[in-house]
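Everything below concerns the one structure shown next.
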Amino acid sequence: MKQITKFNFSKLLTLAMFLLVLFASGQQAKADVPNGDGDLLWERKLNGRTVNDAVFHPINGNIIAAVNNEIWEIDPKDGHTIRVFEGATGIGSFGYIGISSDGNYVIIANGGATPIKLFDYNSGKFVNDVALVPWSSVDFYPNSTKILFNQAKKLYIYDVLTNKLVKESESLSDNNSFMRFKLSKDGKYIAIGIAETSGTGYSYHMELWDAETLTPIRSFGSPGDISEFRDVQISNDDQYVGFLCGGPRSLYIFKNDNSQLIKAYENTSAFSFTPNTKVIIYSGTKPEDAQSNIISLPNLDTVYQYIWARSLFRFNENNEMYAGGSTLKLYSNHWYTVGVNEPAGTSLKIEQVNYTKNNLQIITNGIDIINSLIITDTLGKRIYQQNNIAITNNQAEIPLSLPSGNYLIKLTANGKELTGKFIVVN
């Protein structure tokens, strides 16, 4: 009897030690993913109001938010409201907000109820109605006063200053309708969801279109049995496309150049590509999934994590993260600075700047997209500015006419500021 007791005790002790080691290794694996809950810079409750959409001002970095039926300008330093734009109330709750690349104009739309509204940023006042009543989304083209919007059967390019239609697409067939879309940062592509009706109900399609010709390029297939497209995005470098669907909530991330499905995530409530292409996902329809992960593409490793729920994510050029909804929050860029942002040995720099025949060529290293570019003369006078310039094969080319002289170039990319110079000889 004593021998049996001793034997059983030994087995239990061994099992306990095994479970302890297993638990410790699991805890260690958890600890390997940095947690950013302590990175909160500020938080502000909205007392029943909701941020439906938000953008960062491209010049001063302030947050421009559609808060119910108002437009707020919010200070990113502490979250207080700098001002409320005039003339926005009384026209319904806004679902979409956009800002021109020079920061001078703001547009809002509420998804099929009223025409697109144009506001002057500098005065903070309503200018006029522009374009037609949008069906769902609206976006500014880069470095332009042109906007892209859709109705059920067509896409439209519209100039908000001249109040004139520039281009419209061919009409979809009778049983198809455009739903939510997103224009790429460089203005080349449109990722768009399309609904098709039949005798048995609806089917849905995910597609990529040319943003200049308004014609389809490729299909990403069907997300299956859903009820809507909740969000669509294209990464800053145009390499990835994401479709967030509802009913059930799920996220599909594709490789853009070959339509390859990288990953399908279930129970996803919100997502955003970070400036350097990584994606943040909140999988929160189940209590045990109430977390947001920054995931490295294309290897799908979780490199940073937040344990909270949000319905809207936006990033500024410094990689700080705005999290909206019923509570406003701004988080630091610690997720980026801990070293998850780029492969070891990669350094961001301007390799060379060349100017020939009214064309500026910028050769870079380690940069996917230039968040902002400013060119000045040697006296500091600003000559040219452009935001969100895509880098292809480590270089960007910009059509630009400059007189002979010496020029300085300053760009920001991945939260860093780089400078250079070049000479123009005509």
| field | √(5λ) per eigenvalue of the Cα gyration tensor, the chain, largest first, Å | value | 40, 29, 23
| request: Quote to one decimal, in nm, the extra length available between T197 and V424 on full extension: 0.36 nm per residue of separation minus the C-alpha distance between them. | output: 76.0 nm
| remark: Length gained if L172 through V84 is fully extended, taking 0.36 nm per residue and subtracting the Cα-Cα distance, is 27.8 nm
| To the nearest µm²/s, what D does Stokes-Einstein give for the range 169-322 at 37 °C and 0.692 mPa s, using the Kirkwood radius over alpha carbon pairs as Rh? | 206
| task | Holding the Cα-Cα limit at 25 Å, pick out from K77/K188; K357/K381; K117/K329; K185/K263 the pairs that are longer than that. | result | K77/K188; K117/K329
| query | Which value in nm describes the separation of the simple spin-label points at N122 and D32, placed 7 Å from the Cα toward the beta carbon? | reply | 5.5
| remark: Per-residue ellipticity at 222 nm attributable to helices in the chain (runs of n ≥ 4 DSSP H, -39500 (n - 2.57) apiece, nearest 500 deg cm²/dmol) works out to -2500 deg cm²/dmol
| note | Residue-normalised value, i.e. accessible area per residue, for the chain at 1.4 Å probe, in Å², stands at 47
| query | What is the helix-to-structure angle for 2-31, meaning the angle in degrees between its Cα long axis and the longest Cα principal axis of the chain, kept from 0 to 90 and rounded to the nearest 10? | reply | 10
| request: Report, to the nearest whole %, how much of the accessible area of the chain belongs to carbon and sulfur atoms, 1.4 Å probe, protein only. | output: 50
| What residues qualify as long-range amide H neighbours of W135, i.e. H under 5 Å apart, gap of 5 or more or another chain, H built at 1.01 Å from N? | N150, Q151
| request: Express in nm, to one decimal, how much length is gained between N267 and T302 on full extension, taking 0.36 nm for each residue of separation and deducting their alpha carbon distance. | output: 10.9 nm
| Where Rh is the Kirkwood radius over Cα pairs, Rg/Rh for the range 154-197 | 1.02
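The values are calculated or read from the model by the stated rules, or taken from the named source; none is laboratory data. These numbers come from a predicted model, not from an experiment. Because the Cβ atoms are built from the backbone with ideal geometry, glycine has one as well, and the counts that use them run over all protein chains shown. Ligands, DNA and RNA are stripped out before the accessible areas are found, and what is left, the full protein with its side chains, is counted by its heavy atoms. Shrake-Rupley method; radii C 1.70, N 1.55, O 1.52, S 1.80 Å.
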